[in-house]
Structure formats: structure tokens, C-alpha cells
Amino acid sequence: MSLGVLANSVNILYNTYTGIYDTVFAHRGAMLTHSCSLGYNGAVLQALAVHLSLQGALDLPLKFISTLITQMEDVESDEATLNDARILKEAEKPFCERLHRVSDLMHRSKVSIEEVISELGNGIAALHSVPTAIFCVLHCLQPRECLPENYGGLERTIAYSLALGGDTDTIACMAGAIAGAHYGIEAIPQSWIKCCEGAEDADMNAERLHMLYQQTSQGGGTGEPSCGAESQSKASNGTEKKARAE
């Protein structure tokens, strides 16, 4: 199972108003398939991005990226993460450093695909894919000359993710999850759904995860505190929003 699928599943099940449990369960989920803190923290970053998007944070893109940087500063402050970064000869807080690059790219009037790949990467490692996915979403909030004029924000995001090459399925999966939380299910073209292998299974599994979340938030057997009706209302807005950036 890929990092993107793990982190996105965590958000369906453990979406809360504060995002505290997102980070906990994203970290635990990534431990099933990854052995380094950079893998765990990539899952945490993806979970946070989807969570914030569900809360409507992409309406203010600069605040969105600033919030991610602030939260990842805390995530990457533990000794294990700092030690792994030293061993791998990365920046002290690798994801924070990449997110600052995302912010810098956002402020440029024009950004080539080559620049994005050079600055953020397009590889299989979480450090070279999660920040890239986040940039794809932010970059495609507005129409782009390189993409069809009739494309909506979600379509632009997926198309741009694929145009970057590299680990396209993982990057597009993560970017699509963040964008989907913002635009809602109505933004997905019906032609895409019909052509997508396993779409019905994905929809069914998402419904089951959400039902499980509702059961646990109403006092089920997980031992976690109830998130309350407000959180459930917030969690639903990803399927109710229309593409506002068009």
C-alpha cells in the first residue's frame, strides 16, 4: 500500500476539528510500510494537508502553506527525526525546508515543470513526492496556460501532477486527495469515474470508513474522545463543495 493511500485513508477515518489524531494515526499507519521517520512524517504531512483542505483552508493558499510549515516544525522536532535527517544528509527539518521551497515557487510569476522537479523532486521517496503533490494543488487553484481552459481545479491538479513525470501515480493520488477535499466529489468528471478501475470499491470503502468514524465518535470502543457534531459537519464539506476556484 502506498504512502498516499495510507494517509488519505487515515483522513476519512480520523478526521477531527483539530487534526491532532490525524498526525497520530498517520504516523502509526506509515509504520506498517516505512522504516524511517521521513516516511512517517511524509504521511503526517499528507494527512495534515487533506485535513486542512477539508476545513476550507485552501481558500487562503498562503495561510495554508504557512500553517503546514508551523505544524511540521513541531512534527520534525523530535530527536529521531533530527538524527535520521543527519544520517541521510538532509536539511535539519527536511519537510519544513521543502515546504519553504513550495512557498517560494508560489510567489514566482512563472514556474516551469523543470524548476518544480529540480526544487521539489518527483521520486518515490516521501520527501520527493508529498511536497510536490501539495505544490500541484496550490499551483492549479487558478487556470494555467499549459492546461485545457475547460478544466476545473481538480482536473488541472491531476493533469499537472501527471505532467511532472516520475512517480506519477503516488503524486497524483496525494494531490487528488487534497484537491478533492477542497472541490468535492462533484468536481470529478463522470467520464473519469466510469473509466477508473475500482471506483465503486473505493466509494464503498470510503463509506465504510466514514461509518466507522461516526460510530467511534459517538462513544464506540476506540478509547478516543468524541469529536462531536461539529467535526462531523466539517468532515462532510469535502463532498458538498463545488469548485469555487473556477
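The values are calculated or read from the model by the stated rules, or taken from the named source; none is laboratory data. Worth saying up front: this structure is predicted, and the values here are computed from it rather than measured. Backbone-built Cβ (ideal geometry, glycine too); neighbour counts: all protein chains shown.
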- prompt: Out of the residues in the range 45-63 that are assigned to a helix (DSSP H, G or I), of a type in the set (Gly, Ala, Ser) and in contact (Cβ under 8 Å) with a residue 40 or more places away in the chain, which is farthest from Gly184 (Cα to Cα)?
  reply: Ala47
message: Quick check on the range 38-47. Is at least one of its residues touching an Asp or Glu at 6+ places or on another chain (Cβ under 9 Å), among the aliphatic types (A, V, I, L, M) and closer than 22 Å to Gly176 by Cβ?
response: yes
- prompt: Which members of the range 141-161 meet the condition of being buried (at least 20 other Cβ atoms within 10 Å of the Cβ), of a type in the set (D, E, K, R) and without any contact (Cβ under 8 Å) to a residue 24 or more places away in the chain?
  reply: Arg156
message: Return the pair list, or none, for Cβ contacts closer than 6 Å from residues in the range 68-94 that are among the aromatic types (Phe, Trp, Tyr) and surrounded by 14 or more Cβ atoms within 10 Å (Cβ to Cβ) to residues that are part of a loop (DSSP other than H, G, I, E, B) and modelled with pLDDT of 90 or more, at least 6 apart or on different chains.
response: none
field: Identity of the residue in the range 106-140, among the hydrophobic types (A, V, I, L, M, F, W, C) and surrounded by fewer than 20 Cβ atoms within 10 Å (Cβ to Cβ), that ends up nearest to Cys173 (Cα to Cα)
entry: Ile124
- prompt: What about Val111, is it β-branched (Val, Ile, Thr) and more than 15 Å from the chain's Cα centre (by Cα)?
  reply: yes
statement: By residue number, the members of the range 23-42 that are modelled with pLDDT under 90 and assigned to a helix (DSSP H, G or I) are Thr23, Val24, Phe25, Ala26, His27, Arg28, Gly29, Ala30, Ser37, Leu38, Gly39, Tyr40
message: Quick check on my filter: what residues within the range 64-96 are outside any helix (DSSP H, G or I) and under 17 Å from Leu48 (Cα atoms)?
response: Glu76, Ser77, Lys93
query: Would a scan of the range 77-92 turn up a residue that is among the small types (Gly, Ala, Ser), under 21 Å from the mean Cα position of the chain (by Cα) and under 15 Å from Pro131 (Cβ atoms)?
result: no
task: With the condition kept exactly as written, say whether any residue in the range 188-204 is under 18 Å from the mean Cα position of the chain (by Cα), modelled with pLDDT under 95, within 25 Å of Pro131 (Cα to Cα) and surrounded by 16 or more Cβ atoms within 10 Å (Cβ to Cβ).
output: yes
- prompt: How many residues, within the range 97-123, are in a helix (DSSP H, G or I) and modelled with pLDDT under 95?
  reply: 0
